[in-house]
Amino acid sequence: MQTIKMVFSNPRYLLLACALFSSMLVGLLILSEFIFLEPYVVSHLPPGTELGFSLIVLLCLLSALVIPMNIYRINILKSSKQKMGGGIFGSFVGAIAGACSCGPVGFAVISTFGSVGATATAFLTNYETPIRVVAIGILVVSYFTTVRSLKIECRLGD
């Protein structure tokens, strides 16, 4: 908790976290067809999709927590580039893996590739929830790794 206070006491990182959370949440909810933009802006949570919605919110929260922490870490440890690669890599993999929700855009792009597209569409449709769970797991590991490294490296710097 002390590490989170240290990072987010700077308003830049707090603003970055809010911007990441809101943009990822709106984008993923539109792609997952929880928010519709035409003819009016409408949100809809069909029965049985509560788990998918919760996973999207959790994914956005974790991304908004981990990415600013890693940027803070990069700014603190500019000379040690080798040590900081893992945390950023985990954040981006987690965010990209969670963003592969198969909304209408995904179906349109994938289906243009014929039978390979149909196979990919079936795979992503069937495993959308496990992919998000894995992405959340990657972000959780990245969070704990970042917190641990910030505790160690900030003590060394003091």
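Charge tally for residue 140 (other residues, Cβ to Cβ under 14 Å; Lys, Arg +1; Asp, Glu -1): +2. Compared with the alpha-carbon gap, the fully stretched path from residue 23 to residue 2 is longer by 4.9 nm at 0.36 nm per residue. Spin-label model, residue 74/residue 127: points 7 Å from Cα along the beta carbon direction are separated by 2.9 nm.
Any read-out appearing in this document is the output of simple, stated calculations on the displayed coordinates, not a laboratory observation. These numbers come from a predicted model, not from an experiment. In this analysis, Cβ positions are derived from the backbone assuming ideal geometry, glycine residues included, and neighbour counts consider all displayed protein chains.
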